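Below: the structure, in structure tokens.
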């Protein structure tokens, strides 16, 4: 009986971590409320990341000086210490939930808020909400205001194989 319970708990953990929409994924409404509550911190972080995108891809990159990394940490802590930042060509992403199988090589997903630095169609498809799994890999956006969007990104097995080739 104990083995059965342990197996059930392990199965639930694996499902929870690998599912494209586990139970703890923030709802759209809570992300929009978080954005409005900390809009200035989001904007300052986006401005910093936009400037740093040519030398780094995260706020913890060794390419950034100690003072710059400290400023990122200070601003991130004003919003949510668990938030992960990622920046590059077309977006500055603030990830609040992530998961998948073997995150660095297998299928994976992430949900958060993004400031776009290019046209939205280069980042993803505009949809009405992100509270449900879109059912296929890709990038999905819900407008918040101006260049700000909620973002859900899902990389499936097929997408991963194409990128590896």
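Side notes on the structure shown:
- All positions within the stretch 30-41 that are touching a residue at least 40 places away in the same chain (Cβ under 8 Å) and not in a loop (DSSP other than H, G, I, E, B): 31, 32, 34, 35
- For the stretch 111-127, taking the residues that are out of contact with any helix residue (DSSP H, G or I) (no Cβ under 7 Å at 6 or more places or on another chain) and farther than 18 Å from residue 98 by Cβ, the one that is surrounded by the most Cβ atoms within 10 Å (Cβ to Cβ) is identified as 116.
- Any hit, the stretch 128-138, residues being more than 17 Å from residue 42 (Cβ to Cβ), at pLDDT below 90 and in contact with a helix residue (DSSP H, G or I) (Cβ under 7 Å, 6 or more places away or on another chain): yes
- Members of the stretch 99-121 that are modelled with pLDDT of 90 or more and either within 26 Å of residue 41 (Cβ to Cβ) or assigned to a loop (DSSP other than H, G, I, E, B) (or both): 110, 111, 112, 113, 114, 115, 116, 117, 118, 119, 120
- Pairing each residue of the stretch 57-81 that is at positive phi and without any contact (Cβ under 8 Å) to a residue 24 or more places away in the chain with any residue that is loosely packed, with under 14 Cβ neighbours inside 10 Å and outside any helix (DSSP H, G or I), provided the two are 6+ apart or on different chains, yields no C-beta distance under 7 Å.
- Of the residues making up the stretch 149-165, those that are surrounded by fewer than 21 Cβ atoms within 10 Å (Cβ to Cβ) and modelled with pLDDT of 95 or more number 0.
- Test set (1) surrounded by fewer than 17 Cβ atoms within 10 Å (Cβ to Cβ); (2) in contact (Cβ under 8 Å) with a residue 24 or more places away in the chain; (3) under 17 Å from the mean Cα position of the chain (by Cα) - residue 44 fails condition number: (3)
The values are calculated or read from the model by the stated rules, or taken from the named source; none is laboratory data. All values reported here derive from a predicted model rather than from experimental measurement. Neighbour counts run over all protein chains shown; Cβ positions are idealised from the backbone, glycine included.
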